[in-house]
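Colleague: Please see the structure below; I have some questions.
The values are calculated or read from the model by the stated rules, or taken from the named source; none is laboratory data. In this text, all values refer to a predicted model and were calculated from it rather than measured experimentally. Heads up, the Cβs are rebuilt from the backbone with ideal geometry, glycines too, and the neighbour counts pull from every protein chain shown.
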Amino acid sequence: MALVKIREILDGNCNDKSVSVRGWVYRKREGKELIFLVIRDSTGVIQCTVKKASEAAWAEAQKLTIESSLVLDGLVKPDKRAPGGFEIAAEAVSIIGLADVFPIAKDKSEEFIRDMRHLWLRSRKMNLVMKVRGNVMEYTREYFKKQGYTEVSPPMFISAAVEGGSTLFGLKYFDQDLYLTQSSQLYLEILIYSLEQVFCIAPSFRAEKSRTIRHLTEYWHIEGEWPFATMDDLMKFEEGLMEHVCKRVAENCQKEFAELGADINKLAAVKAPFPRITYAEAIDRLKVKNPALNWGDDLGYEDEKVLAEDFGKPFFVYDYPTAIKAFYCKTYSDRPEVALSVDMMVPRIGEISTGGQREEDKEMLIKRMQAQGLKPEDYEWYLDLRRYGTVPHVGFGMGLERLLTWMLDLENIMDAIPFPRTTRRFYP
Ligand code: ATP
Ligand code: MG
């Protein structure tokens with residue numbers, strides 16, 4: 001008997017064939033003469049029927065509990081009433097691991113389900129989200145590589161802050177104080193002097209106290225950095241990446257989107273060039289609804305959502321005030337109050353990436369550090385990059401989970417990562 005994946009059956013490749021499937025009991029309903037089992041494997045779910053007349057199979061099926069693992073042999077038949085359109089008439093059932101009473105049932109709260117993450121990851125929803133996530137990582141790499149970028153591996157233990165100190169996680173490293181990285185940017189900047197165009201997909205850590213639908217304390221950061229480039233090159237690269245990833249997902253993840261009930265058409269519609277507005281224009285637009293907002297204010301989640309509603313698709317906001325930007329942001333020589341910085345935004349989520357040109361002049365950089373109360377001596381190696389053959393360069397960082405939350409219409413970013421970390425959540 002041929003061992004098949006459930007997907008092969010659902011694709012119509014096993015009609016009238018005797019097959020063997022291996023998986024777990026997803027649902028069970030017991031009648032007088034018939035037991036209905038829904039079996040799941042990594043590829044999908046299939047309805048199976050066990051008749052009382054097949055005595056050995058019936059006896060095994062009666063013992064089965066939800067999430068028991070098993071091997072089931074039987075004949076595949078198309079059946080319009082069955083979810084997915086196919087059914088297996090079971091001939092033999094063999095239990096591998098009989099499950100205790102499964103704690104997750106329909107009436108459980110979201111909180112409870114999050115505590116049971118290790119078991120909830122077996123759900124169809126999480127199975128599908130994780131598949132799309134894997135594909136998005138693959139298509140991201142694909143784009144960077146096609147453009148000649150080298151994937152690199154930056155450290156997670158670091159000795160000085162990248163972004164502001166307020167979201168920095170400190171830790172004891174033997175008898176020293178270290179931090180968990182908030183971004184790999186500064187390390188990518190080192191590597192451009194060797195490899196030029198580099199990227200990484202790596203964790204970043206932020207001690208975010210705010211509980212929003214777009215913040216985690218540990219997230220995966222897609223970051224790219226390269227020399228001899230302008231703001232225009234940067235925006236073109238970012239929109240090219242988005243277009244590529246969206247197109248590939250639209251081509252290859254149709255089944256996942258359909259089962260999740262997510263709108264895949266918005267991905268197929270993502271086409272470069274994206275609209276671009278300056279921060280000053282954004283403030284003007286927002287002032288209509290929120291007169292208290294002024295040039296110089298940071299845009300919050302609510303502001304970004306309002307802006308994004310107008311566009312209904314990804315767009316850029318650029319030229320932010322220097323005062324709300326990190327020390328490494330380059331500023332206009334004739335307008336030092338404006339930084340060469342750009343955010344990509346999407347509907348419902350707001351910001352999904354920040355990028356910009358980096359200050360390549362040592363003296364300017366030192367001034368910026370001092371203005372922000374940072375000690376240049378903590379960043380000696382970073383300053384060395386400006387001492388030895390400095391070059392103009394750009395880079396950006398995009399949150400993988402924010403991208404997925406938007407793509408898959410997820411209610412909360414916690415569902416975009418298998419093991420979400422938030423202020424209160426670090427189990428399992
Ligand atoms: P926000 O203002 O939303 O807190 P940020 O501007 O502090 O974000 P950046 O330092 O610009 O974030 O980080 C680059 C990207 O990393 C962001 O555009 C976002 O996609 C992602 N990101 C940042 N913080 C988080 C977080 N706490 N959880 C998930 N993704 C994040
Ligand atoms: Mg940002």
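Colleague: Taking R40 as the residue in question, decide whether it is closer than 27 Å to N127 by Cα, without any contact (Cβ under 8 Å) to a residue 12 or more places away in the chain and not in a loop (DSSP other than H, G, I, E, B). Give the steps one after another, and end with the answer.
Modeller: Details: closer than 27 Å to N127 by Cα: yes; without any contact (Cβ under 8 Å) to a residue 12 or more places away in the chain: no; not in a loop (DSSP other than H, G, I, E, B): yes.
For R40, the condition - closer than 27 Å to N127 by Cα, without any contact (Cβ under 8 Å) to a residue 12 or more places away in the chain and not in a loop (DSSP other than H, G, I, E, B) - is not met.
Colleague: Closer than 25 Å to A416 by Cα, free of Cβ contacts under 8 Å to residues at least 12 places away in the same chain and of a type in the set (A, V, I, L, M, F, W, C): does that describe A258?
Modeller: Values: closer than 25 Å to A416 by Cα: yes; free of Cβ contacts under 8 Å to residues at least 12 places away in the same chain: yes; of a type in the set (A, V, I, L, M, F, W, C): yes.
So A258 passes the test.
Colleague: Still on this structure, please answer the following. Looking at the stretch 333-378, which of its residues are more than 16 Å from ligand 1 (Cβ to nearest atom) and either under 21 Å from W226 (Cβ atoms) or β-branched (V, I, T) (or both)?
Modeller: V338, E359, E360, D361, K362, M364, L365, I366
Colleague: Among (1) within 16 Å of ligand 2 (Cβ to nearest atom); (2) in a strand (DSSP E or B), which single condition is P203 missing?
Modeller: Only one criterion in (1) within 16 Å of ligand 2 (Cβ to nearest atom); (2) in a strand (DSSP E or B) is unmet by P203, namely (1).
Colleague: Are there any pairs, at least 6 apart or on different chains, whose C-beta atoms fall under 6 Å, with the first in the stretch 69-86 and among the charged types (D, E, K, R) and the second in a strand (DSSP E or B) and at pLDDT 95 or above, and if so, which?
Modeller: D73/S20; D73/E91; D73/A92; K77/E87; D79/E87
Colleague: For N290, work out the one condition from (1) surrounded by fewer than 12 Cβ atoms within 10 Å (Cβ to Cβ); (2) modelled with pLDDT under 95 it doesn't fulfil.
Modeller: (1)
Colleague: State the number of residues belonging to the stretch 273-287 that are closer than 13 Å to Y320 by Cα, among the hydrophobic types (A, V, I, L, M, F, W, C) and crowded, with 18+ Cβ neighbours inside 10 Å.
Modeller: 3
Conditions tested, residue by residue: (1) assigned to a helix (DSSP H, G or I); (2) more than 29 Å from E208 (Cα to Cα); (3) over 16 Å from the mean Cα position of the chain (by Cα).
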site: W220; (1), (2), (3): no, no, no
site: E223; (1), (2), (3): no, no, no
site: A229; (1), (2), (3): no, yes, yes
site: D232; (1), (2), (3): yes, yes, yes
site: K236; (1), (2), (3): yes, yes, yes
site: V245; (1), (2), (3): yes, no, no
site: K255; (1), (2), (3): yes, yes, yes
site: A262; (1), (2), (3): no, no, no
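Colleague: Please give the number of the condition T422 fails out of (1) touching a residue at least 60 places away in the same chain (Cβ under 8 Å); (2) surrounded by fewer than 22 Cβ atoms within 10 Å (Cβ to Cβ); (3) away from ligand 1 (no atom under 14 Å from the Cβ).
Modeller: (3)
Colleague: Let me ask something else about it. V132 passes all but one of (1) in contact (Cβ under 8 Å) with a residue 24 or more places away in the chain; (2) outside any helix (DSSP H, G or I); (3) of a type in the set (A, V, I, L, M, F, W, C); which number fails?
Modeller: In the conditions (1) in contact (Cβ under 8 Å) with a residue 24 or more places away in the chain; (2) outside any helix (DSSP H, G or I); (3) of a type in the set (A, V, I, L, M, F, W, C), V132 misses (2) alone.
Colleague: Out of all the residues in the stretch 236-255, which are touching a residue at least 60 places away in the same chain (Cβ under 8 Å) and surrounded by fewer than 18 Cβ atoms within 10 Å (Cβ to Cβ)? Give the steps one after another, and end with the answer.
Modeller: Residues of the stretch 236-255 touching a residue at least 60 places away in the same chain (Cβ under 8 Å): 237-242, 244-246, 248-249, 252-253.
The answer is G240, N252.
Colleague: Can you pull out the residues in the stretch 167-184 that are within 9 Å of ligand 1 (Cβ to nearest atom) and either on the phi > 0 side of the Ramachandran plot or touching a residue at least 60 places away in the same chain (Cβ under 8 Å) (or both)? Steps first, answer last, please.
Modeller: Quick first cut of the stretch 167-184, residues within 9 Å of ligand 1 (Cβ to nearest atom) only: 167, 182-183.
Within the stretch 167-184, just S183 meets the criteria.
Colleague: Looking at E360, E401 in this structure, which one is among the acidic types (D, E) and in contact with a His (Cβ under 9 Å, 6 or more places away or on another chain)? Spell out how you get there, then give the answer.
Modeller: Details: E401 fails: in contact with a His (Cβ under 9 Å, 6 or more places away or on another chain).
Selected residue: E360, the only one of E360, E401 that is among the acidic types (D, E) and in contact with a His (Cβ under 9 Å, 6 or more places away or on another chain).
Colleague: Among the residues of the stretch 198-235, count how many are without any contact (Cβ under 8 Å) to a residue 60 or more places away in the chain and in contact with a Pro (Cβ under 8 Å, 6 or more places away or on another chain).
Modeller: Step one: of the stretch 198-235, the residues without any contact (Cβ under 8 Å) to a residue 60 or more places away in the chain are 198-200, 202-203, 205-207, 210, 232.
With the extra rule that they be in contact with a Pro (Cβ under 8 Å, 6 or more places away or on another chain), the set shrinks to 200, 202.
The number of residues fulfilling the criteria is 2.
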